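Structure record follows, encoded as structure tokens.
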């Protein structure tokens, strides 16, 4: 594969929709008003965690002036089969978790709909619930695969015997709590039925997928559904699949014949849009005295709901990180009466690498080896499990570059000895990794009569800068200036594209855009440059024919923390990340992605925790006053760098995805730094002062 | 949200009259807590009487540093007032430690004092709560109570009072001025709040028609040597895990006088009179400070998951007093 020569790619090209966004003219889903008669639907959530809806008394709600309808299982239209049973709205009386939708109320105003929703009397037959994850849960089982399609377990050599014989072993258990996706823009939909078809303005990570899902549920051909999502205020995976709100909007619009708006409140999002499962992880490492790994065993125990299986691929990064002849990774799941967990920024890699990279730090201490040196000593030449060559792997370069920039060389490994006033200070390091996925997509490119170009693809710009990156990629492929290129995304009427997920967007869509642009140039050539001309590309064959290689991005995360000796308060004073991610398309938007990921990792390390209310079965702290994410004051200094990485076996751009790797390893680097500062090893996130005050 | 009538009061007497005979009427200050509670369905007033524009929006300063603070003064204005910063730094620090700049620009002094607990169960109308729904039970006792009370709580309620400002005012012997059904009266701030006992419904001793008009803060000769320190789970915009307001008067290595109050450990801003008693006349040493902390926190009855607050409150008091000696 030849990597395209670049002019626009690699420059700090400004976001093409920046002016619209900062002036407030960029319209997000909820701001669309297809007609004057738009009405509002409000979801009603279950207040039991398990049981059945016996009846819904709608009388009190329907007498309120302005209320149009109340829908529930007793009167809702039947829907077609749903791949995701969470979307089979009001199709059953079963209640599988607290917060599940049991009804919806539609009214002329949002305030009326909310008040009517509160007046709805839902009668339940409650059953005892089971919401606590534990390793010895009797229902713990082995799923047939883990997200999206990885083997559940892997085993090579004889890890148990190797652990037995190893000179140095660590056997450690880590836990991470439920963590909740909270994009700035809540999930929102405006739905309207027009000419027997359905149009939805929706906040999502892929309009093609939402179209297909709605078509299946409402028994429509896919081209009778149009999903429009020009601007999306973040997703982190929670908008990667349709959520109940979009179905409620379409259903309510069907029942009322009106255009209907639905949005989730922040509180509702804690039950309805997926979250990172709590995970208990056991990591066993066996090594020679010099730290050379002989065995790696990584077991993950997670929860799913009884509605649908979601098996997080928590231990998959361990399959590619370090060389060791004997190794095993496993995943086990307990189906509980809880909301269905789902994707949250770097599912698998993020929690898995917290455990593995904490354990590597503990092994480094046990062996008396510098933690960076330990990782370098265990660097594999090829993928340690598949045996495939890496398309590129620059973990060692990232560690070395980071060490030099961070000032690691003079680090005294002794824990708990550095004081600055009333603070103990420490530093920590951890590795990061994320797969370089690419998925099939289609795109068209058109040479317009005015000399410009239009590129169309149903990609999603969820605030990442995808529209801008694709503009740069198209400009280079067309050998023109990016100002001459208009890229249209965020509409299912455009050529079908893969999701903004798995950090695969730019690689997947960029390939389709490059191929469409190349085809257009050939057309223009053939017709002597006569305009207009249009060309299309479908990358299915190209993606499927890709050489079998191990394709992953790598990185190194460094953290410095201060811990108040009196109060145990941990504050991060510095984060520094160095990444090997192929060619960076747009340094400005890329830096923003890395900083965002690292900030989210800081929150994971120190703050984020969905607290399960065992008595009632829901996540108790379901708002931003209680569920903490970092405030600006928590993020004083984040430095991001990348190494020059040329990889021509990825895609025409030579790029790896960057949306998720920034969160991977950050929490371990912080936890390792807390240990270095205090001598206290915290293996259960988040690291709050409770554990450090004494 | 239930529909409600909004009216703006022109003067205190008419405001009191507007609320006095209506059990479902409430005063509205900056609205930073009440409006949230209305959205959540926790508060359901049928009538809001907006008192934020009453003529109690100034800070008066006497030459000795005593303050007369209008109840409608915004938190940010009070925090920025030169006399507050000079003579009562702990009050300015407490205000600035609360919420965010945007919230402080809205919140009033009167409303800050009367804000409700942030206990998760109180704020969720789908769950029991003795404070919100008397007799329904307190799930926090066995459920999540990491950041609830360790002292002054009861079987019925383990909530904490969320205000930072009130902790500083409790330490400063502030006096609350009220307009009520029977005319004006005053109340020491520490007597404004009541412990939950078996009736946690009411946070204060006030009648629903009582309107806070002013808060006066007496002069404190050593008020300049004071500090408010708030421990929290992130660097800003978080309620306290534990906080302390302290003022210290030391001469010749001996504590002549002191004022101490804790926040976030009790259902009320917790004036630490036992600690103060232990300190007066004691040497200004870490050992004496720790002994004072023990004198106060010996009464603590932590719950399953908040025992860490006891050493945290102790450490915080020792640290704060130690720094005041050095300052």
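Throughout, read-outs are computed from the coordinates displayed, never taken from laboratory work. What you see is a predicted model; the values in this text were computed from it and never measured. Cβ coordinates were reconstructed from backbone atoms using ideal geometry, including for glycine residues, and neighbour counts include every protein chain displayed.
A few comments on the model shown:
- Cα-based helix-to-principal-axis angle, B:286-297 vs chain B, degrees rounded to 10: 30
- Once the Cα-Cα distance is subtracted from the 0.36 nm per residue extended length, the residue A:531 to residue A:164 segment shows a gain of 124.9 nm.
- Put in order of Cβ neighbour count within 10 Å, fewest first, the listed residues A:579, A:594, A:616 become A:616, A:594, A:579.
- Sorted by Cβ neighbour density within 10 Å, fewest at the top, the residues A:187, A:73, A:622: A:73, A:622, A:187
- Along each principal axis, Cα extent of segment A:580-691, largest first, Å: 54, 35, 26
- Chain B: calculated mean residue ellipticity at 222 nm from DSSP helix runs of at least 4, using -39500 (n - 2.57): -8000 deg cm²/dmol
- By average C-beta atoms within 10 angstrom, highest first, the peptides B:103-111, B:57-65: B:103-111, B:57-65
- Computed from Cα atoms, the angle from the helix B:309-326 axis to the main principal axis of chain B rounds to 60 degrees.
- Compactness index (Cα Rg / 2.2 N^0.38 Å), chain B: 0.97
- Distance between the 7 Å Cα→Cβ label points at residue B:24 and residue B:195: 3.6 nm.
- Evaluated at q = 0.24, 0.25, 0.32 Å⁻¹, the base-10 log of the normalised Debye intensity for segment B:5-49, with identical point scatterers placed on the Cα atoms, takes the values -0.83, -0.89, -1.19.
- Segment A:451-602: translational diffusion in µm²/s, Stokes-Einstein, Kirkwood Rh over Cα pairs, 20 °C, 1.002 mPa s: 119
- Gyration tensor (alpha-carbon) shape descriptor, segment A:42-186, a/c threshold 1.5: prolate
- The mean count of C-beta atoms from other chains within 10 Å of the C-beta of residues in B:234-241, rounded to a whole number, is 6.
- Just so you know, the Rg over Rh for segment B:34-145 is 1.08, from Cα atoms, with Rh as the Kirkwood radius.
- Segment A:259-386 - Kirkwood radius from inverse mean 1/r over Cα pairs (Å): 16.3
- Global dimensions of the protein assembly as shown from alpha-carbon coordinates: Rg and Dmax equal 30.4, 99 Å.
- Based on Cα atoms of segment A:612-652, Rg over Rh with Rh as the Kirkwood radius reads 1.35.
- With neighbours defined as other Cβ atoms within 10 Å of a residue's Cβ, the residues B:320, A:540 order from fewest to most as A:540, B:320.
- Computed over segment B:177-327: relative contact order in percent, which uses C-alpha pairs under 8 Å that are six or more apart: 18
- Longest to shortest principal axis, alpha-carbon extents of segment B:81-216, angstrom: 46, 37, 26
- Shielding by partners, peptide B:36-43 (average Cβ within 10 angstrom, other chains): 1
- Tail beyond 24 Å, pair distance distribution of segment B:226-326 (Cα, percent): 18
- Highest mean first, the peptides B:205-216, A:24-35 sorted by other C-beta atoms within 10 Å per residue fall in the order B:205-216, A:24-35.
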